[in-house]
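What follows draws every value from the coordinates through simple rules; no lab data is involved. Remember, predicted model here, so these are calculated numbers, not experimental data. Note that we place each Cβ from the backbone using ideal geometry, even for glycine, and neighbour counts take in every protein chain shown.
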């Protein structure tokens, strides 16, 4: 296996919840040496669970490995495992000057600092860009808050759904016939966009540094990463003054175009018909029923005008059939169709299996599991999960000893002072 | 080990203000959404992107709306205009031997090729990675497709709707008694394009360090299954053995949580966790709720959502969205306005940050576009260039860069190659 393309680039990550953690993971996947900075003084809510030590009855509903929170619940939380890998984990109390001093030594040997706290948090800790630039002028720092560090709402507290709401995306997440209060704010989409844009931003700034030697501080607003993904709706407004409304599963150019109930409990298939030729193929697949031969359905304009009727008829055909069978049948005829897959379906999906998407990983606390892999495959230097989701402070020795050159005794002293450690302090909620 | 400084050779064939990716050359053989968004990101940060289109009509996105004044026209698609800013555009017929030859000349000088044909199409054109790597060993070739370059679904046909269904998000989106809902617009394709841009730029670091490029295979389906949200859904199942359900807007559990009507619009409130209950009550100015038996404990509260909303909704109805958001945020209660597109464009925050940009295009004139997803302070934003008209830069690229004479270009045009 070749040397991964980003080998030799060191990133300090303060990734929190999803956006920062997933961006750091993507950089780690491509070979960066990512050091995830945590502390035993502060529990990162929603990153390693809802609480450090949740009551048993809470834990049962929350996706801990094997539905057991265990002695160290923070090592067993599903979304931490999903969004953190290929990162070394250290702890450090940044609330004390000794901690900040140690942090500065880490900055000196790093290329990138990545964080997605609210604006001002890093400054209050004494590790804002101005302070880091003093230590290392060419440092690249990327901060990814909900709305950015400038502007009238810079102090607003935001989670993913809030970002979607203010960016105009939530208003469009609905059925054409429902009203605004029927919006299901989860799962969140904006984190997906912000995370990969953040990874790209780090690389763009690094590329610039590689050419010029200059670092910089990038103020990324998650909402502004979402807006370009809504380009067509924005352009329809700026070009034509039209305010987009929810289209549900429909499309402005294709009909039929919907999600239809299949045989089984809450099982569904999607079917999209881009052309008249594919419409005829769909009719054939359905056994050419008399209604499908009607002239008003021959061309797309007519089909668009009679979508409700088409959807009802097609639904009568799909309800009798298995969603996978429908996919196979229609795909053979060149008609876009696919089952609506659940997480359980995807975990045993033959296509993902054959592509080796899932990676088997053994974790110190949770044992061996299959982990979702990457959205990209490198042909010459394949990426893999080299480092399992890190345990709290798991790599203190490697980082403080191996990279900073502290002796075993000095590291033991840091532990005694509780500047570092591997367990949340008892008073941490 | 920190990366060292590297002095870039000056090779821009047109003087432009220096940007982050100024010395990167990209050949862009993509169409519709995912691929063009990937190369838009590269172009918007300074890479020189040459978009290669079919002479007969070009990128299919040119046929997709919204069109200026709803007039279907290949130079007036708002979708295309948005996705292709800052690129150069040439036409080339790859179904001719001569066209393939010219394409190879472009690839020889490129750092990156991005393509989004159906898997196998590049091989049929004689432009597979191995062939191109023989011409240019440091080439990073990114291929973006629905399901990836291998596997049993490789040749399946898909649209945004079909792709959405085959990721873990759609099944849980929508109401429990209705059909699952796809996300609005082309979210899956945009996401894959963003992932592809990051992976491509990542691979470029490798090819510059070693002189060896590689192929990057990006699958839209796998983008949907990757960190953060997609992977979290799959990991939730892997850890618990419980499959997902579609809970709908009126999900059980804590509140306030969801979209609520105010006097002049809607607000989203993220306040379902026990920690936020006190903030909610203080924000409403109703301390008596803290001792009300229906709401006093985390155990009792979930059973009295309707009672709570009967109290909160009239309170919200008397206030504007902006009053509600401002007062809630002052109590650290995580709220946001639920904007429609017109409201987004008028919002003072996005305006103060200068997010939206004006770009002038020969066919549609001046219009407001979404700006860059982040700005790099070291390279202040230069004026954005509009998407190319079909074949706009043929002379520039074939003449100035590849050295074809006017006579040769006339001949190429006559033969339908450009």
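Okay, which of segment A:187-215 sit inside 16 Å, backbone N to the point 7 Å along the Cα-Cβ direction of residue B:18?
From segment A:187-215, the list is A:205-215.
Over all alpha-carbon pairs of the protein assembly as shown, lay out the pair-distance distribution in 10 Å bins, whole %, shortest bin first.
Per 10 Å bin, starting at zero, the Cα-Cα P(r) for the protein assembly as shown comes out as 2, 13, 23, 27, 21, 10, 3, 1, 0 percent.
Between residue A:178 and residue B:360, what is the FRET efficiency for a Förster distance of 60 Å, r being their Cβ-Cβ separation, to the nearest 0.05?
0.95
Only Cα pairs under 8 Å and at least 6 apart count here; give the relative contact order of segment A:257-347 as a rounded whole percent.
Working: 109 pairs, mean separation 38.2, N = 91.
Over segment A:257-347, the number comes to 42 percent.
Within 10 Å of each Cβ of A:239-247, how many other protein chain Cβ atoms are there on average?
Values: counts 15, 7, 1, 4, 6, 6, 3, 2, 4.
Other-chain Cβ atoms within 10 Å of each residue's Cβ, averaged: 5.
Using a simple spin-label model with points 7 Å from Cα along the Cα→Cβ vector, what separation in nm is obtained for residue B:210 and residue A:348?
Reported label-point gap for residue B:210 and residue A:348 is 3.8 nm.
Compute the helix-to-body angle for B:321-330: its Cα long axis versus the longest principal axis of chain B, expressed 0 to 90° and rounded to tens.
Taking the Cα atoms of chain B, the angle to B:321-330 is about 80 degrees.
Quick check on packing: order A:124-131, A:48-55, A:21-28 by the mean number of other C-beta atoms within 10 Å, highest mean leading. Intermediate values should be presented prior to the final figure.
Values: A:124-131: 16.4, A:48-55: 19.0, A:21-28: 30.2.
The densest-packed peptide leads the list: A:21-28, A:48-55, A:124-131.
Residue A:299 versus residue A:425, label points 7 Å from Cα toward the beta carbon: distance in nm?
The two pseudo-label positions are separated by 7.5 nm.
Could you check the spin-label model distance between residue B:415 and residue A:365? Points 7 Å from the Cα along Cα→Cβ, value in nm.
6.6
Can you tell me which of B:339-348, A:367-376 comes out highest on packing, and rank the rest after it, using the mean Cβ neighbours within 10 Å?
Per-residue Cβ counts within 10 Å, averaged per peptide and sorted highest first, yield A:367-376, B:339-348.
Looking only at other chains, what is the average number of their beta-carbon atoms within 10 angstrom of each beta-carbon in A:352-363?
Partner-chain Cβ atoms within 10 Å, mean over residues of A:352-363: 4.
Report the relative contact order of segment B:257-343, percent, no decimals, based on alpha-carbon pairs under 8 angstrom and at least 6 residues apart.
44
For the Cα atoms of chain A, what angle does the longest principal axis make with the long axis of helix A:276-285, in degrees from 0 to 90, nearest 10?
Orientation of helix A:276-285: about 80 degrees from the principal axis.
Over the Cα atoms of segment B:284-383, each weighted equally, I'd like the Debye log10 I(q)/I(0) at q = 0.15, 0.18, 0.20, 0.22 Å⁻¹, rounded to two decimals.
Computed log10 I(q)/I(0) values: -0.81, -0.99, -1.12, -1.25.
By DSSP, what percent of the beta bridges with both residues in the protein assembly as shown are antiparallel, rounded to the nearest 5?
Counting DSSP beta bridges with both partners in the protein assembly as shown, the antiparallel share is about 40 percent.
Would you mind telling me which residue in B:147, B:295, B:80 has the biggest mean-square fluctuation in a Gaussian network model of chain B, where springs connect alpha carbons within a distance under 10 angstrom?
It is B:295.
On average, how many beta carbons from a partner chain sit within 10 Å of the beta carbon of a residue in A:145-153?
Whole-number average of other-chain Cβ neighbours for A:145-153 is 5.
Calculated FRET efficiency, residue A:275 and residue B:332, Cβ-Cβ r, R0 60 Å, to nearest 0.05?
0.70
Nearest 10 degrees, 0 to 90: what angle lies between the long axis of helix B:229-240 and the longest principal axis of chain B (Cα atoms)?
Tilt relative to chain B: about 60 degrees.
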